[in-house]
1. Given points 7 Å out from each Cα along the Cα-Cβ axis, report the K158 to V92 separation in nanometres with one decimal.
2. Please compute the modelled spin-label separation between A40 and D142, points set 7 Å along Cα→Cβ, answer in nm with one decimal.
3. Report the net charge of residues surrounding E56, where surrounding means a beta-carbon distance below 12 angstrom and charges are Lys +1, Arg +1, Asp -1, Glu -1.
4. Starting from the Cα of N110, step 7 Å along the direction of its Cβ; do the same at E151; then give the gap between the two resulting points in nm.
5. Subtract the Cα-Cα distance of L27 and E49 from 0.36 nm times their separation in residues, and report this length gain in nm to one decimal.
6. Give, rounded to the nearest 20 debye, the magnitude of the charge dipole that the stretch 1-112 has about its Cα centre when Lys and Arg contribute +1 at Cβ and Asp and Glu contribute -1 at Cβ.
7. Among all the aspartates and glutamates, which ones have a C-alpha under 12 Å from K41's C-alpha, if same-chain residues fewer than 8 places away are not counted?
8. For A102, what is the net charge nearby, where nearby means another residue's Cβ is under 10 Å from its Cβ and Lys, Arg count +1, Asp, Glu -1?
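None of the figures in this text is laboratory data; all of them are computed from the coordinates on show. Small disclaimer: the values here were computed from a predicted structure and weren't measured. Here the Cβ positions follow ideal geometry from the backbone for every residue, glycine too, while neighbour counts run over all protein chains shown.
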Amino acid sequence: MHIAVYPGSFDPTTNGHLDIIKRAAKLCDKLIVAVLENPAKKPLFTVEERVTHLKEILKDYENVEVQSFSGLLVDFAKSVGSNIVVRGLRGVTDFSYEFQMALTNRSLDNEIETLFISADTQYLFFSSSQVKEIALFGGNIDNMVPQIIKEEINKKLKEKSY
Ligand code: PNS
């Protein structure tokens, strides 16, 4: 059974992430979307909120699970019986960071393979950080995130009274 892990911050999940998930889910028996709990970062959404959003968005995908993790990705992958890490590539600017991360993970565990998937062209130009910035300044993020994320961002921005 091929189990793949798609790790990330997902703060928030974008349509680009969703596109990678759909593509990756077709290539493996089970895809685990793994949300990093990173105390060093100040996220807009808590890890629990991010997991809840992803579970709602992905509820119809039978071979996709959502979990959170902390610590090393290679340890998490091993704990769920996976040696395949999926990462999305938006272009050459992502490549050097992603390549370095893939080699670091392999140096930590020689069994780990990183599979790069490119999202559809319409998703190549924006990131979670840009989505947050655009929303903060009242811009239109309709084509960038699932509807539930749009609603949750608006709620969060009101709560934090930005
Ligand atoms: O969505 P992101 O923020 O680009 O995802 C980065 C992520 C979560 C894949 C990466 O930071 C990660 O795997 N962190 C876990 C800690 C770890 O294993 N570090 C060593 C490899 S760089």
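1. 4.5 nm
2. That separation, rounded to one decimal, is 3.9 nm.
3. Around E56, the charge tally is -1.
4. 5.1 nm
5. 5.2 nm
6. Around 200 debye, computed over the stretch 1-112.
7. By straight Cα distance, K41 reaches D11.
8. In short, 0.
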